[in-house]
1. Just to confirm my filter: which helices (runs of 4 or more DSSP H) fall fully inside region E:43-113 and include at least 1 residues that are farther than 21 Å from residue D:3 by Cα and within 14 Å of chain C (Cβ to nearest Cβ)?
2. Which condition does residue A:2 not pass, out of (1) over 23 Å from residue A:74 (Cβ atoms); (2) surrounded by 18 or more Cβ atoms within 10 Å (Cβ to Cβ), if it passes all the others?
3. Quick one: in region D:90-111, which of the residues that are touching a strand residue (DSSP E or B) at 6+ places or on another chain (Cβ under 9 Å) and surrounded by fewer than 22 Cβ atoms within 10 Å (Cβ to Cβ) is nearest to residue A:78 (Cα to Cα)?
4. Can you confirm whether residue B:128 is under 29 Å from residue A:7 (Cα atoms), in contact with a strand residue (DSSP E or B) (Cβ under 6 Å, 6 or more places away or on another chain) and within 10 Å of another protein chain (Cβ to nearest Cβ)?
5. Looking at F:41, F:36, can you tell me which residue is surrounded by fewer than 18 Cβ atoms within 10 Å (Cβ to Cβ), touching a strand residue (DSSP E or B) at 6+ places or on another chain (Cβ under 6 Å) and under 18 Å from residue E:14 (Cβ atoms)?
6. If you go through region B:15-33 one residue at a time, do you hit one that is in a loop (DSSP other than H, G, I, E, B), within 22 Å of residue A:56 (Cα to Cα), in contact with a helix residue (DSSP H, G or I) (Cβ under 6 Å, 6 or more places away or on another chain) and in contact (Cβ under 8 Å) with a residue 60 or more places away in the chain?
7. Sort through B:98, B:116 and tell me the only one that's farther than 26 Å from residue C:33 by Cβ and within 14 Å of the chain's Cα centre (by Cα).
8. Test each condition in (1) touching a residue at least 40 places away in the same chain (Cβ under 8 Å); (2) in a helix (DSSP H, G or I) for residue A:117 and report the one that comes out false.
């Protein structure tokens, strides 16, 4: 049984490698590397897979999952600049793939290891990403 | 090849174990255990996995799948109180996990065993559930 | 300039006039009058029309509007049975038209009279309602 | 007859008045005034009202409207920082109200005066804005 | 008070004037004039404005409105070729504007004159049309 | 890591086997076999599974994926009649299952074999299809 909580956060970012010049960054990442940043409404689905607890009829209490997402994701990334404000991306290019990877690892550390975890991230309505660990 | 039919149904329910007191139910389930019930527009995706029939180009005729969902799910649960009107939840707490489990079993009994079956259920736009059997 | 905040609430209800028999109620309202209730995820858009405040660039601070909607609508109706739990519908049939009318009046009393007010309510994805006062 | 073209653009911004201190900005605008910016996927509906041209059956060729939106809105604002990159907001706080006002004026200058014009802007899925001129 | 019922229909069409050559049609209408047609999932919102009936709490019974839309719109246009199968477009170019105009007139003839009527039509997720009569 | 690009195309089609009579086609496929065709707004999600390239932080540049979808799918099928205009369906009934199969094969030929590929196709908002190869 899989259960999911959907949340959103709004952030600025630019695709950028600090070991490349602005020109090289623009050549590879195009307008996504605008030096003054751009931004997105990120939509995040957090999927937990496990057994139904016969006591509660829940896999996991979604109120609890919501709190974990708040403390691990929203409080860290919402209304921030991913490149400048977030230590997770100090040395990591904030592509949606890397954002998904970072979020998965932040959540994985807080979610009981008996559960499988998948995150699905919409950067725009047309660009979607999914990560379940290796 | 997987094919899916999406349908909706509207029901009242409360999260409730009859072997617990109202106080214990409220402590565990919070406002979802309101004694006078609350309700949802449930959205159900029914996914069938199988081979394409070379005769028709269908995996399964979705008109047929729609009829099965109507008789097994909509006719039973739409515009009902899951706790009071539905024998499936007489002794089962109608969490979305348990609703998904019940629907999967109702549909599984009517769908050819050569097909795999998955149900995906939205209880709200932010809480989503998926079950594929064991 | 019009600005809108979108919120949701989940309630049980039945269409019912206490001065009619159950039979008359069922004849007129059909399955929507199921005696044990059914329910919906209501989606509410609250639209405020006014001038942009040159100080803030806002028509109204949407954080404030969100608080008004919480205290006047969500706290009253979310996770309730509209017929049994809400004094507003003690003697009023909770059709979506009447729910829209009640919500508009509750919000109107709390929103500065310099603003025009419109509420738009989705009872299902196919049934939508809008009220702007007389 | 009204016709509409829907487009999107992705921008960074912060709510900010340069004649106020960062502290005053944060007091009034909260996390929306984060000094390093945040961002959004803006969704823009551009509505044109006019008569059907009996020659073409169009009010306006939506391919033409799409080009006007591209040159006046997307090319100016997509993948930018509204505060730093866009002269329209050099001295104007980029609230969604002001963005709607700016876009309406940019489009109004390029659309035949025989047509009425309305813009509708989603800053998030819950915050929506609409402007039709005075 | 305004109430709305949302329905969909799926049709083939081409933009085409029979008094123009295929070349002229293609010059004006581009790929929308492909001689072998293309098609759309049309989404139709039918909005009725009137007073709440104090007897029922309805403006109009949406089950009744649904039946009118079925007989006047879906039965006529769903799973058809608008150009070839529908007498309404025998001599009328089936642009979305003209489709909206035709639907409005078909519904207007069946809906009590005490009600105002507006139709809103999505031809794609990005092209939207609205007609309320003159 | 999975990444997805979402695109749309609008086509006419009819379900039809040329080795069956019109009567047999109508008996099996119903209104979907209307001789003059009907049509749909198809929504296509193309999912690529692979490792994150440590150089770019991308699995695949979505601008590149968008170009491949344009040349292999949109340029071939958008604003066409699948039965009459597209050689892929000259001898293949254009059910959504077969359309998904054809699109998967067209894309598979152009996408590096180190990536897994899945296509997900919405024919309507209620009928969805997914294919990942054998």
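Rule-based calculations on the coordinates, nothing more; no lab input. Quick caveat: nothing in here was measured; it's all calculated off a predicted structure. Quick reminder, even Gly has a Cβ in these numbers, built from the backbone with ideal geometry, and neighbours come from all protein chains shown.
1. So the answer is E:62-69.
2. The failed condition is (1).
3. Looking at the filtered set, the residue picked out is D:101.
4. Values: under 29 Å from residue A:7 (Cα atoms): yes; in contact with a strand residue (DSSP E or B) (Cβ under 6 Å, 6 or more places away or on another chain): yes; within 10 Å of another protein chain (Cβ to nearest Cβ): yes.
Yes, satisfied.
5. Details: F:41 fails: surrounded by fewer than 18 Cβ atoms within 10 Å (Cβ to Cβ).
None of the other options fit; the residue is F:36.
6. As a first pass, look at region B:15-33 and keep what is in a loop (DSSP other than H, G, I, E, B): B:15-21.
If we keep only those that are within 22 Å of residue A:56 (Cα to Cα) as well, we get B:15-21.
With the extra rule that they be in contact with a helix residue (DSSP H, G or I) (Cβ under 6 Å, 6 or more places away or on another chain), the set shrinks to B:15-16.
Next, only the ones that are in contact (Cβ under 8 Å) with a residue 60 or more places away in the chain stay: B:15-16.
Within region B:15-33, one or more residues are in a loop (DSSP other than H, G, I, E, B), within 22 Å of residue A:56 (Cα to Cα), in contact with a helix residue (DSSP H, G or I) (Cβ under 6 Å, 6 or more places away or on another chain) and in contact (Cβ under 8 Å) with a residue 60 or more places away in the chain.
7. Values: B:116 fails: within 14 Å of the chain's Cα centre (by Cα).
Unique residue meeting the criteria: B:98.
8. Result: residue A:117 fails condition (2) only.
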